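Chemist: This structure is in structure tokens; I'll ask about it shortly.
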Amino acid sequence: ELLIDEAVDPESKKKLMNSLEKKLHEIREIGEKYAKAKGNRVELEYSRHIVKADLMKEAMLRSTDFKSAAAQEREAYASPRYKEHIKSLAYAIEEEERLEWQKKIIQFKFEMWKTTTIHQIVEKKNYG
């Protein structure tokens, strides 16, 4: 901020700080969305095991044909409920990746903005 104080007038400083706050707001906003998407993905990954165990138990209770763990597992994997869970997990991973790339792009744009701004301030300071 010392560099800014020396190089720009109060009005320019105010505009610069407003622009900075907007950029930081974008970063915070995408960070929150990314964190929520990642949490959703992790929850689905771990609950996949619970869904599988529940389906195996249901298969075992439903029929004497499914006494072995392998037969129960086969039934669980073939279940529409398990397939739907896997689709939800795939969507969560896709959303997390999309937001991660969006976050990287915003961070890159911020770094570009910061570098350009610093160069402009130094140029103003040196050449008036």
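The values are calculated or read from the model by the stated rules, or taken from the named source; none is laboratory data. Computed from a predicted structure; not experimentally measured. All Cβ positions, glycine included, derive from the backbone under ideal geometry; neighbour counts span all protein chains shown. When the accessible area is computed, the model is the full protein with side chains, heavy atoms only, and any ligands, DNA or RNA have been set aside. Shrake-Rupley method; radii C 1.70, N 1.55, O 1.52, S 1.80 Å.
Chemist: Assuming T116 fulfils every condition listed in (1) hydroxyl-bearing (S, T, Y); (2) within 13 Å of the chain's Cα centre (by Cα); (3) open to solvent by less than 90 Å² (accessible area, probe 1.4 Å) apart from one, which condition is it?
Modeler: So T116 meets the others, but not (2).
Chemist: If you don't mind, there's one more thing I want to ask. Do we find a residue being surrounded by 13 or more Cβ atoms within 10 Å (Cβ to Cβ) and under 30 Å from F110 (Cα atoms) anywhere in the stretch 73-92?
Modeler: Yes: one or more hits.
Chemist: Here is a further query. For residues that are among the β-branched types (V, I, T) and surrounded by 14 or more Cβ atoms within 10 Å (Cβ to Cβ), tally how many sit in the stretch 93-113.
Modeler: Going through the stretch 93-113 one residue at a time, the tally reaches 2.
Chemist: Mind counting the residues in the stretch 18-52 that are exposed (fewer than 13 other Cβ atoms within 10 Å of the Cβ), more than 22 Å from the chain's Cα centre (by Cα) and not polar (S, T, N, Q)?
Modeler: 2
Chemist: Kindly indicate which of K103, K83, K87, K109 is under 30 Å from K22 (Cα atoms), of a type in the set (K, R), out of contact with any helix residue (DSSP H, G or I) (no Cβ under 7 Å at 6 or more places or on another chain) and not in a loop (DSSP other than H, G, I, E, B).
Modeler: The unique qualifying residue is K109.
Chemist: If you take the residues in the stretch 49-70 that are in contact with a Ser or Thr (Cβ under 9 Å, 6 or more places away or on another chain) and of a type in the set (A, V, I, L, M), which one is modelled with the lowest pLDDT?
Modeler: Going through the qualifying residues, I end up with A59.
Chemist: Continuing with this model, one more query. For the structure I just gave you, tell me whether K67 is free of Cβ contacts under 8 Å to residues at least 24 places away in the same chain and open to solvent by 100 Å² or more (accessible area, probe 1.4 Å).
Modeler: Answer is yes for this residue.
Chemist: Also, I was wondering about something else. Check K15 against each of (1) of a type outside the set (S, T, N, Q); (2) under 29 Å from the mean Cα position of the chain (by Cα); (3) loosely packed, with under 15 Cβ neighbours inside 10 Å; (4) within 19 Å of T115 (Cα to Cα) and name the one condition it does not meet.
Modeler: It fails just one condition, (2).
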